[in-house]
Amino acid sequence: MPYLNARDGTRLWVEEAGSGTPIVFVHEFGGDWRSWEPQMRHFTRRYRCITFSARGYAPSDVPEDVERYSQQIAADDIADVMDGLDIAKAHIVGLSMGGFATLHFGLRYGSRARSLVVAGAGYGAEKALEAYFRNVSLEVARKFETEGAPVFAKTYSTAASRIAFQLKDPRGWQEFATQLAEHASIGSARTMQGVQARRPSIYDLEAELKQMTVPTLVVVGDEDDHCLQPGIFLKRTIPASGLLVLPKSGHTLNIEEPMLFNQFVSDFLATVEQGKWLARDPRSTPAEIMKTE
C-alpha cells in the first residue's frame, strides 16, 4: 500500500516496516520520507514504523494550488495516514516542519497520540522575528520556484543551522543535500508559502498547549539558536513535557546525531508505555529558589 489518500484526495506516499505499537515519523521541510531511515532501521526492531512524504514531496502528489497547503492540513494528513493504515493511536515523531505538524496533531487529535516527539520546532515562533520569518519564507519559496530545487538546494543546505551537521558528518550532510536537490521545486515553493509562512507562532498557542495532556519530548540542538527559546517555552507550557538539548548540534537532529536521538527517544517511549511520563509535580514550582519553611 505505497499510496494513501488524504481527505481532499491528495495521494500520500507511505512506507511501513516492523510490528507492534505504531510510530509515525513526520519529516522536516528539507527532508522527505527517506529522512527517517536511521529511525526506521532502529525502531522497527520493536515497533510498527510508518514514514511518509508530505504533500508537495514526491512520490506524494504535488498540488500547485497553495490553498492545498497549510498547518492544519499538515496535521490532518497525519490523521489520514493513520486512518488509511487502520491505526487508532500512535506515537508521533516530527522534526522541524514535521515537529510543528506533530504539535498541532497533539492539539487537534490528542486522543489519538500516545506521545509526541517535537524536535527542532521553533523557526518563526519568536515574536520579535515573526514578520522577518514570513518574509524570508516567501523569498525562499520564490527561489525554489524560479531557480529550481537542484540549484537553490546548494544555498538552502548551507544555512547556519546545518553547518554543525556538515562539519561533523560530511557524508551524512551530503546525502541530505543531494536528496534536497531532488525535491519538486513547485512543491517546496508551495509548502513554504502555505505552511511555513502562514503557521501561527507557538507562543500564540499558549492557552491550548497548557491544556494538552499528551506526553511530549521536546528536542533541540544547542547550535540551533532559533529553536532554543521556543523549546524552553514548550517545556514550561506543556504539562507532561521534557526538554532534551543535544550539545554541539544543529537543526537536522535525527540524522545529525542518530544514535543519541534514537537512544533518548527509545527511553522516552518506554517511559510513556510504562505510564511513568507524568505531568510536572506542582511542588517543583519554578517560582521557588530555596525552601525556608
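The values are calculated or read from the model by the stated rules, or taken from the named source; none is laboratory data. For clarity, every value in this text was computed on a predicted model and none was experimentally measured. Cβ atoms come from the backbone with ideal geometry, glycine included; neighbour counts cover every protein chain shown.
What helices (runs of 4 or more DSSP H), lying completely within the range 216-290, carry at least 2 residues that are modelled with pLDDT of 95 or more and aromatic (Phe, Trp, Tyr)? Steps first, answer last, please.
On the way: elements: 225-237, 253-256, 258-273.
Correct list: 258-273.
Out of the residues in the range 272-293 that are of a type in the set (D, E, K, R) and farther than 20 Å from PRO215 by Cα, which is surrounded by the fewest Cβ atoms within 10 Å (Cβ to Cβ)? Break it down into steps so the answer makes sense when it comes.
Looking only at the range 272-293, we keep the residues that are of a type in the set (D, E, K, R), and these are 273, 276, 280-281, 283, 288, 291, 293.
If we keep only those that are farther than 20 Å from PRO215 by Cα as well, we get 288, 291, 293.
Numbers: GLU288: 9, LYS291: 6, GLU293: 2.
Selected residue: GLU293.
Take VAL140 and tell me if it is in contact (Cβ under 8 Å) with a residue 12 or more places away in the chain, in a helix (DSSP H, G or I) and among the aliphatic types (A, V, I, L, M).
Working: in contact (Cβ under 8 Å) with a residue 12 or more places away in the chain: yes; in a helix (DSSP H, G or I): yes; among the aliphatic types (A, V, I, L, M): yes.
Answer is yes for this residue.
Determine whether the range 89-100 contains at least one residue that is in contact with a helix residue (DSSP H, G or I) (Cβ under 9 Å, 6 or more places away or on another chain), under 19 Å from ARG7 (Cα atoms) and surrounded by fewer than 19 Cβ atoms within 10 Å (Cβ to Cβ).
Within the range 89-100, one or more residues are in contact with a helix residue (DSSP H, G or I) (Cβ under 9 Å, 6 or more places away or on another chain), under 19 Å from ARG7 (Cα atoms) and surrounded by fewer than 19 Cβ atoms within 10 Å (Cβ to Cβ).
Given the structure, is GLY187 surrounded by 16 or more Cβ atoms within 10 Å (Cβ to Cβ), in contact (Cβ under 8 Å) with a residue 24 or more places away in the chain and under 24 Å from GLY56 (Cβ atoms)? Spell out the reasoning first.
Details: surrounded by 16 or more Cβ atoms within 10 Å (Cβ to Cβ): yes; in contact (Cβ under 8 Å) with a residue 24 or more places away in the chain: yes; under 24 Å from GLY56 (Cβ atoms): yes.
In short, yes.
Which residues, counting only those in the range 1-46, are among the aliphatic types (A, V, I, L, M) and either modelled with pLDDT of 95 or more or surrounded by 15 or more Cβ atoms within 10 Å (Cβ to Cβ) (or both)?
LEU4, ALA6, LEU12, VAL14, ALA17, ILE23, VAL24, VAL26, MET40, listed by residue number.
Just checking, does the range 217-228 include any residue being more than 16 Å from the chain's Cα centre (by Cα), within 17 Å of ARG114 (Cα to Cα) and surrounded by fewer than 24 Cβ atoms within 10 Å (Cβ to Cβ)?
The first filter runs over the range 217-228 and keeps only residues more than 16 Å from the chain's Cα centre (by Cα), leaving 222-223, 225.
When the remaining residues are screened for being within 17 Å of ARG114 (Cα to Cα), the result is none.
For the range 217-228, residues more than 16 Å from the chain's Cα centre (by Cα), within 17 Å of ARG114 (Cα to Cα) and surrounded by fewer than 24 Cβ atoms within 10 Å (Cβ to Cβ): absent.
Can we say GLU182 is surrounded by fewer than 17 Cβ atoms within 10 Å (Cβ to Cβ) and in contact (Cβ under 8 Å) with a residue 24 or more places away in the chain?
yes
Residue under question is SER201, and the condition is that it be crowded, with 21+ Cβ neighbours inside 10 Å and of a type in the set (S, T, N, Q); does it hold?
Values: crowded, with 21+ Cβ neighbours inside 10 Å: no; of a type in the set (S, T, N, Q): yes.
In short, no.
Working carefully through the options ALA54, ALA119, ALA75, ALA79, find the one that is surrounded by fewer than 24 Cβ atoms within 10 Å (Cβ to Cβ), of a type in the set (Gly, Ala, Ser) and over 15 Å from ARG199 (Cα atoms).
On the way: ALA54 fails: surrounded by fewer than 24 Cβ atoms within 10 Å (Cβ to Cβ); ALA119 fails: surrounded by fewer than 24 Cβ atoms within 10 Å (Cβ to Cβ); ALA75 fails: over 15 Å from ARG199 (Cα atoms).
Residue meeting the stated conditions: ALA79.
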